Amino acid sequence: MTSYLIKNASILGGAPTDLLLEEGVIAQVDTGLSAKDAEVVDASGLVALPGLVDLHTHLREPGREDAETVDSGTAAAALGGFTAVHAMANTDPVADTAGVVEQVWRLGREAGHCDVYPVGAVTVGLAGERLAELGAMADSAARVRVFSDDGKCVSDAVLMRRALEYVKAFDGVIAQHAQEPRLTEGAQMNEGELSGRLGLAGWPAVAEEAVIARDCLLAAHVGSRLHVCHVSTAGSVEIVRDAKARAAREGGWSVTAEVCPHHLLLTDELATTYDPIYKVNPPLRTSRDVEALRAGLADGTIDVVATDHAPHPHEDKDCEWAAAAFGMLGLETALSIVQETMVDPGLLDWAGVAERMSHAPARIGRVADHGRSLEAGQPANLVLYDPAVRRVVEASESASLSRNTPYAGMELPGRVMATFLRGRPTVLDGKLQ
Amino acid sequence: MCAQPSPAQQETPPSSGGRTVLDDRDIARALTRISHEILERNKGAGDLVLLGIPSRGVPLARRIAERIAAVEGDDVPVGSLDVTMYRDDLRLKPARTLMKTEIPPGGVDGKVVVLVDDVLFSGRTIRAALDALNDVGRPAAVRLAVLVDRGHRELPIRADFVGKNLPTSLVERVRLSIAEIDGQDGVRIEGGAQ
Amino acid sequence: MKRHLLSAADLSRDDAELVLTTADEMRSLADRPIKKLPALRGRTVVNLFFEDSTRTRISFEAAAKRLSADVINFAAKGSSLSKGESLKDTALTLEAMGADAVVVRHGSSGAPHRLAHSGWVRSSVVNAGDGTHEHPTQALLDAFTMWKHLGESKPGGLEGRRVAIVGDVLHSRVARSNALLLRTLGAEVTLVAPPTLFPVGVESWPVETSYDLDGVLPKADAVMMLRVQRERMNGGFFPTPREYSRRYGLDARRMATLQDHTIVMHPGPMVRGMEITADVADSARSVIVEQVTNGVAVRMAVLYLLLGGAEPAVGGEE
């Protein structure tokens, strides 16, 4: 296996340091390193971060290979600096059996761009009626630890309680897509002054907040782990903050939360264009919500940035709003958005980014080999990122099979120059290997 | 964004340059003579309908009607005929504001319609007026009375009753003021050699 | 310059007054033996109706034909199953046929907006009703009707006039367009509905709101009743149709509290017995039939002002 000598990288934003990668492991971290037979990577001006871990991605395979495959999706992930992604279960067939999750896991290994950790569905067929074989999925080769009906909400209180209880047996976590279904029937965009004016059915914040509040109480009651997907409102941040305080006092249960990059940057004002590129679930909210999400991510109320990368084929977005699918791409632009909204304004430093995008998601997903520190002896999963460059996002240049990025034509900072997966570069010089 | 006003509709403020070719008394005399000519040609006021072409043709038509009534003792029906929709240059400029079309209650079928306009120039306005009139009814005859004929016809159109023949060059502008619209009566020529 | 009429908000006060005066001229056309004007000769107007609406489609068709335009009617079933293929592919077909204007009615809010700005067509787009968003020509013909009765057909005739719009405001594109247009023309609008039928954020609209119909009626110069579907009961918007019509329906008793000059309007189709009783709909105050007649004249005015010249005469900067 080729060794790599990374020179002058700024580890977590610190002083320039060298890293020597050998046999899939970080062999040495020091200044002035040299190694013969090692390929040298000049990382001057680049920030070194542990390989990013995405807790929430849609790879669409099996079933919707017209939108994305495990291969194309993980390629996009590698270009975004990710060494591990959790693939959501709303495929076709749904990932509710050991067979399907093992298939997805295997496809990830074959593609080789990053590690794929399949997420198992909570209920059979995502129908919300009875539990899927969570234990079988946990015991499978895919070793599933995160379970989610994402796309749909586990709205039945009893079912959610049982799921929270059941996964304790194998240290699993239920990741809830918080959306009260009756309050959001036919919903198209954030409910507010704008939705009334535009004539688009509203998705009220309370439909998210009420479910989160209930789930936190359930998790406390049964003593389990709860993870909240894509938090999008200021009210949700407050509820999670209070719940965490209570969990810290009581112990025995925990709640973690994630936010998506688009909710850190974009608001519902964009719906005025009626362009469904901005249609997403949960919807873009107001600037007040954006402020609260950034503050929540900064103070740790929100533990994780997850992309909710949701590829859709052209015809599912090139139509009128009501007919369009919900979702945006996110893997390749995530780190740039976090830099733009959190690092550059001084809300989060690079160590914080490493925590939110690598350490914490790996902990929550119980992923052993990723999210480790950049120290000797640790697996060589890391990313080299150039924060100084600025680029205009070109939809056509994406490695994804889909093109539904809301940032097309926007200038964003930063670029992933190299990603290493167990010491092997999946991205080098900003290009896929 | 407002509609383009028809050239006939544009308010012309009293201008400073150029020369006056008709003052208010000249205009009054011309209208009186035209009124008599109409009656002479028509052998009286029977079946006459006067239709002014907006905007300045309309007060002119009313004044002619008053003079005819004074001479014959009979009221002559007066109205207006907007030609905007029938213009042949509709597509060349932004859509124009429509002016009022008021056809007198007796209609135009079988009548002798006298179209009244202020200036006869290329003849296109009158061509449009004939088309507009055609969609209103079938007059027994159509005649044309204008206050000023400045020549340069582009179509085979001629006036039956003319207030004044004013040979002009194409670079000159004929500015016609009517008291009901511009505050005073007068015809001025501007531009070109003085 | 905008080539489209997508929202009542596209019209400035001057634009709106111009449409009214132009429509007035168009209306007198109905008295002539030849009810045609050559202004749109050689132009093609396509009626693209994804929702069934015989009344509005015929109105636009008559308007275009009276201006001597060629009319193509396209009734497409735009179901959620066929999704956007219907809209985009249909638009591309129309473009290939050379449409100068597309009059579109669609069940999705924003569909005309997408049509106008997607680059699929180069023609002018006239919104004939999109979802629960807007219906600008309906608002124009409503304003025209009011202007003829209350405004003496003069510029500024609706200044200070009080208009009450009653009914399912939440789902009504007519209410939205009327609220915007009447405000532009200087009228004062009061929306009346039960709390469940007001959209979130209505406080930011340029209108008054009230839950009390009886309090609003005596002060109104015009009362517009909106259609309320009985099926809304299933969404919990009101308990029963009976309770709705008792609290918000216009019946003879309420009609008697109106001022002498107050007119009663309805965009149609009416649900007799729900929001309006038969004796009110057929009373002398009701101008409902007149609204339909005015619809043709107003739509003629809109088509003329958008298509009659080299550039549209109404609408703001692009």
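The values are calculated or read from the model by the stated rules, or taken from the named source; none is laboratory data. This one's a predicted model, so the numbers in the text were calculated from it and none came from an experiment. All Cβ positions, glycine included, derive from the backbone under ideal geometry; neighbour counts span all protein chains shown.
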The one condition B:I103 fails out of (1) out of contact with any helix residue (DSSP H, G or I) (no Cβ under 7 Å at 6 or more places or on another chain); (2) within 27 Å of C:R32 (Cα to Cα); (3) surrounded by fewer than 21 Cβ atoms within 10 Å (Cβ to Cβ) is (1)
- Task: Confirm whether A:A89 is over 18 Å from the mean Cα position of the chain (by Cα), under 20 Å from A:D171 (Cβ atoms) and in a loop (DSSP other than H, G, I, E, B).
- Result: no
Counting only residues that are of a type in the set (V, I, T) and either facing chain B (nearest Cβ under 9 Å) or part of a helix (DSSP H, G or I) (or both), region C:22-58 contains a total of 5
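Matching residues to (1) farther than 20 Å from A:L5 by Cβ; (2) modelled with pLDDT of 95 or more; (3) not assigned by TED's automatic domain parsing to the domain that holds A:E68:
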residue: A:E332; (1), (2), (3): yes, yes, no
residue: A:L335; (1), (2), (3): yes, yes, no
residue: A:W350; (1), (2), (3): yes, yes, no
residue: A:R356; (1), (2), (3): yes, yes, no
residue: A:R390; (1), (2), (3): yes, yes, yes
residue: A:S400; (1), (2), (3): yes, yes, yes
residue: A:R424; (1), (2), (3): no, yes, yes
residue: A:L428; (1), (2), (3): no, yes, yes
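Looking at the structure I just gave you, is C:E290 under 23 Å from C:S177 (Cβ atoms), touching a residue at least 60 places away in the same chain (Cβ under 8 Å), touching a Ser or Thr at 6+ places or on another chain (Cβ under 7 Å) and surrounded by fewer than 21 Cβ atoms within 10 Å (Cβ to Cβ)?
Criteria met by C:E290.
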The residue from B:G73, B:G79, B:G52 that alone is at pLDDT below 95 and either within 21 Å of B:G110 (Cα to Cα) or away from every other protein chain (no Cβ under 14 Å) (or both) is B:G73
Residues of region A:202-249 being within 15 Å of A:R285 (Cβ to Cβ), among the charged types (D, E, K, R) and either outside the structural domain of A:Q188 (by TED's automatic domain parsing) or surrounded by fewer than 21 Cβ atoms within 10 Å (Cβ to Cβ) (or both), in sequence order, are A:E238
inquiry  = Tell me whether region A:361-380 contains one or more residues that are in contact with a His (Cβ under 7 Å, 6 or more places away or on another chain), part of a helix (DSSP H, G or I) and modelled with pLDDT of 95 or more.
reply    = yes
Residues that are surrounded by 24 or more Cβ atoms within 10 Å (Cβ to Cβ), aliphatic (A, V, I, L, M), in contact with a helix residue (DSSP H, G or I) (Cβ under 6 Å, 6 or more places away or on another chain) and at negative phi: does region A:355-365 have at least one? no
From the option list C:L115, C:L141, C:L150, single residue qualifying as in the same structural domain as C:S177 (by TED's automatic domain parsing) and crowded, with 23+ Cβ neighbours inside 10 Å is C:L141
Exercise for the section: Can you confirm whether region C:238-254 contains a residue that is away from chain A (no Cβ under 14 Å), closer than 14 Å to C:G167 by Cβ, in contact with a helix residue (DSSP H, G or I) (Cβ under 9 Å, 6 or more places away or on another chain) and hydroxyl-bearing (S, T, Y)? Expected result: yes
The condition from (1) of a type in the set (S, T, N, Q); (2) surrounded by fewer than 16 Cβ atoms within 10 Å (Cβ to Cβ); (3) more than 25 Å from A:A388 (Cα to Cα) that A:S3 misses is numbered (2)
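Per-residue answers, yes or no, for (1) outside any loop (DSSP other than H, G, I, E, B); (2) touching a Cys at 6+ places or on another chain (Cβ under 7 Å); (3) without any contact (Cβ under 8 Å) to a residue 12 or more places away in the chain; (4) under 18 Å from C:L11 (Cα atoms):
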site	(1), (2), (3), (4)
C:S108	no, no, no, no
C:K148	yes, no, no, no
C:A164	yes, no, no, no
C:S177	yes, no, no, yes
C:T190	yes, no, no, no
C:T196	yes, no, no, no
Taking region B:118-140 and keeping only residues that are surrounded by 20 or more Cβ atoms within 10 Å (Cβ to Cβ), within 14 Å of chain C (Cβ to nearest Cβ), part of a helix (DSSP H, G or I) and touching a helix residue (DSSP H, G or I) at 6+ places or on another chain (Cβ under 9 Å), one is left with B:A128, B:A129, B:A132
